[in-house]
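Each remark here refers to the structure printed beneath this line.
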Amino acid sequence: MEIVFSTFNARYSHTALALRCLRANLGGLHDHSIIVEFDNRLSPQAAAEKLLAHDPQIILFSVYIWNLTVISETAAILRTLRPKLKIIIGGPEVTYEYEDLALFRTADHLICGEGEAVIEKLCNDLLDGRTVPKVIEAPPADLKTIELPYDEYTNEDIAHRRIYVETSRGCPFQCEYCLSALEDNVRFFPLDRIFPEFEKLIERGVRIFKFIDRSFNINTAHAAAILRFFLENRRDGMMLHLEWEPERLPPTLEKLIAEAPEGFLQLETGVQTFNPEVAARIERPLEAEKVEKHIRTLAAMPSVHLHADLIAGLPGETFESIAAGFDRLHACGPQEIQLGILKKLRGTPIARHDVEWQMVYNSAPPYNVLQTSVLSFTELQSIRRFARFWDITVNNGRFPNAAPLLWQKQPSVFAAFMEWSEWLYQQTGSSMGIAPPRLARLLEEFLTAKCGLSTKTVSRALEADSDRRTARSVKGRERQTRHAEQ
């Protein structure tokens, strides 16, 4: 193949929609190209070997915060082995402030922006030996005319991997920690273009659709039409994963969500902070009472599994403010809470607070904040462990009966769970690699020895959790069998 599109995904189950968008718009060169994806566990040398096995003249990498390092090392190996190979890079991690990146120096060309409109000409020029500038500024794609990428998903992708789709690009908000702050508006794909493509995916067996739209519900009519389409075309096991703006729940969308079957929607909603001063400082819209109301409504709907996000380390937010925000969000009842750590993405306006709030960031990906003027390194480390232990104790649903015992008699969920988090870290010395049986034993020990609960109460809760996991496992195997038969 003359042209190879490649990237490293965080997991094998993930797919790169960007590569498929580019290949779909390669025109007459389409059949001279191939997509080769890896996951981050593969070594750069092994990746280089697999890429060179296709004997390409051009390799294009899609670069993100999680794969910058491994792609940089892979590209350096390729440059050493094949000096004449044309290496093109693109993606959010190399679109802004790229001059100091080793990968930029290694690469022959960089596409800044959406590459659909330039990819065919760029590859033709390179193959024909024409001179091409190192940096290609790509205009926003015309969503009415570009080729759609969904035929690029293989049967292997559909059978074993996550299928990403999009119905819009851009975001109306200017939150300073996000690359969307650098964009001007929201653009929508025409529904009469995407619905036939979604129908084909459904007929090919896709049941889980992960939308990458930044704020799916920002346009009520557009969102309602998509929900109606999937409700009218739903199949057994179908689920939509959507990013949801928490301040917007108009009656039209609330009614459609209420009509959806159980578990039909997985909504990810970014609250980020309940501190009004911090929200204003970073240009994050916040109507806290409306957010609370909508989260309570959505979390109570059988059709919804609600995942809500908070960010720790925002400029000016203290440990006490983070704790209060967590407790406030938890009281709203989302099924999952992700407490993330602020990252300083390249080019984002969050950098303007560095001096005033003494923001200290990790210089290597993922560029996470290490300390601020009001949040020490030690406090952020405690919050990071808290977030990890919340994931494995609460978010994964392994202990729905036992985990709430940690805070049932405490005024603050955050404070009670932090006590468990710090004790667990003392016992294990790590926040990673704790096997589920060991975690259960430690949870039982903490609840009885530290929380003063009776052995009978704790054992009953853990036994109920074990029975529930067994039932879910059996149900999951039955569902897989039905899908295989279909």
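The values are calculated or read from the model by the stated rules, or taken from the named source; none is laboratory data. As the structure is a computational prediction, the values presented were derived from the model and not from experiment. FYI the Cβ positions are ideal-geometry reconstructions off the backbone, even for glycines, and counts take in every protein chain you see.
Only a single item in (1) in the same structural domain as Cys178 (by TED's automatic domain parsing); (2) over 30 Å from Glu259 (Cα atoms); (3) among the small types (Gly, Ala, Ser) is not met by Ser382, and it is number (1). Residues of region 313-328 that are more than 12 Å from Asn275 (Cβ to Cβ) and within 22 Å of the chain's Cα centre (by Cα): Gly313 alone.
Could you list, in sequence order, the residues of region 124-143 that are touching a Phe, Trp or Tyr at 6+ places or on another chain (Cβ under 9 Å), part of a loop (DSSP other than H, G, I, E, B) and surrounded by fewer than 19 Cβ atoms within 10 Å (Cβ to Cβ)?
The initial filter retains those residues of region 124-143 that are touching a Phe, Trp or Tyr at 6+ places or on another chain (Cβ under 9 Å), namely 134-135, 143.
In the following step, the residues that additionally are part of a loop (DSSP other than H, G, I, E, B) were identified as 134, 143.
Lys134, the sole residue that qualifies.
Here Ile208 passes the criteria (1) assigned by TED's automatic domain parsing to the domain that holds Leu249; (2) at pLDDT 95 or above; (3) more than 23 Å from Leu231 (Cα to Cα); (4) of a type in the set (A, V, I, L, M) except the one numbered (3). Against the test of being in contact with a helix residue (DSSP H, G or I) (Cβ under 7 Å, 6 or more places away or on another chain), surrounded by fewer than 17 Cβ atoms within 10 Å (Cβ to Cβ) and touching a residue at least 24 places away in the same chain (Cβ under 8 Å), the options Pro250, Pro261 yield a single qualifying residue, Pro250.
Each row is one residue, and each column tells you yes or no for (1) within 22 Å of Arg328 (Cβ to Cβ); (2) exposed (fewer than 15 other Cβ atoms within 10 Å of the Cβ).
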site: Ala364; (1), (2): no, yes
site: Val374; (1), (2): yes, no
site: Trp390; (1), (2): yes, no
site: Pro411; (1), (2): yes, yes
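Residues that are outside the structural domain of Arg193 (by TED's automatic domain parsing), touching a Gly at 6+ places or on another chain (Cβ under 7 Å), in a loop (DSSP other than H, G, I, E, B) and surrounded by fewer than 19 Cβ atoms within 10 Å (Cβ to Cβ) are absent from region 147-161 altogether. Scanning region 64-77 for residues that are free of Cβ contacts under 8 Å to residues at least 60 places away in the same chain, aliphatic (A, V, I, L, M) and farther than 23 Å from Val118 by Cβ yields Ala76, Ile77. Scanning region 38-63 for residues that are surrounded by 19 or more Cβ atoms within 10 Å (Cβ to Cβ) and without any contact (Cβ under 8 Å) to a residue 60 or more places away in the chain turns up Phe38, Pro44, Ala47, Ala48, Leu51, Pro56, Ile59, Leu60, Phe61, Ser62, Val63. Scanning region 179-192 for residues that are modelled with pLDDT of 95 or more and in contact with a Leu (Cβ under 9 Å, 6 or more places away or on another chain), which turns out nearest to Lys343 (Cα to Cα)? Step by step, filter region 179-192, then rank; the result is Arg187.
Scan region 64-73 residue by residue and report those that are among the aliphatic types (A, V, I, L, M), touching an Asp or Glu at 6+ places or on another chain (Cβ under 7 Å) and buried (at least 18 other Cβ atoms within 10 Å of the Cβ). Show your work before the answer.
Just the residues of region 64-73 that are among the aliphatic types (A, V, I, L, M), to begin with: 65, 68, 70-71.
Narrowing the set further to residues that are touching an Asp or Glu at 6+ places or on another chain (Cβ under 7 Å) leaves 65, 68.
Correct list: Leu68 only.
If you check Leu81, Leu19 for being among the aliphatic types (A, V, I, L, M), at pLDDT 95 or above and over 24 Å from the mean Cα position of the chain (by Cα), only one passes: Leu81. For region 73-113, a residue qualifies if it is aliphatic (A, V, I, L, M) and farther than 18 Å from Thr131 by Cα, and the qualifying residues are Ala75, Ala76, Ile77, Leu78, Leu81, Val94, Leu101, Ala102, Leu103.
Just for region 215-244: of the residues that are in contact (Cβ under 8 Å) with a residue 40 or more places away in the chain and out of contact with any strand residue (DSSP E or B) (no Cβ under 6 Å at 6 or more places or on another chain), which one is nearest to Leu179 (Cα to Cα)?
Of the residues in region 215-244, the ones in contact (Cβ under 8 Å) with a residue 40 or more places away in the chain are 215-216, 218-219, 222, 226, 236-237, 244.
Those left that are additionally out of contact with any strand residue (DSSP E or B) (no Cβ under 6 Å at 6 or more places or on another chain): 215, 218-219, 226, 236-237.
Details: Ser215: 14, Ile218: 18, Asn219: 20, Ile226: 26, Asp236: 36, Gly237: 34 Å.
In this case the residue turns out to be Ser215.
For Ile136, the criteria (1) in contact with a helix residue (DSSP H, G or I) (Cβ under 9 Å, 6 or more places away or on another chain); (2) over 30 Å from Ala75 (Cα atoms) hold in every case but one, which is (2).
How many residues are more than 24 Å from Asp213 (Cα to Cα) and either surrounded by 14 or more Cβ atoms within 10 Å (Cβ to Cβ) or modelled with pLDDT under 95 (or both) when one looks only at region 106-123?
Quick first cut of region 106-123, residues more than 24 Å from Asp213 (Cα to Cα) only: 106-110, 120-123.
Right, trim to either surrounded by 14 or more Cβ atoms within 10 Å (Cβ to Cβ) or modelled with pLDDT under 95 (or both) and you get 106-110, 120, 122-123.
Number satisfying all stated conditions: 8.
Among the residues of region 202-218, those identified as crowded, with 17+ Cβ neighbours inside 10 Å and within 29 Å of Phe173 (Cβ to Cβ) are Phe209, Lys210, Phe211, Asp213, Arg214, Ser215, Phe216, Asn217, Ile218.
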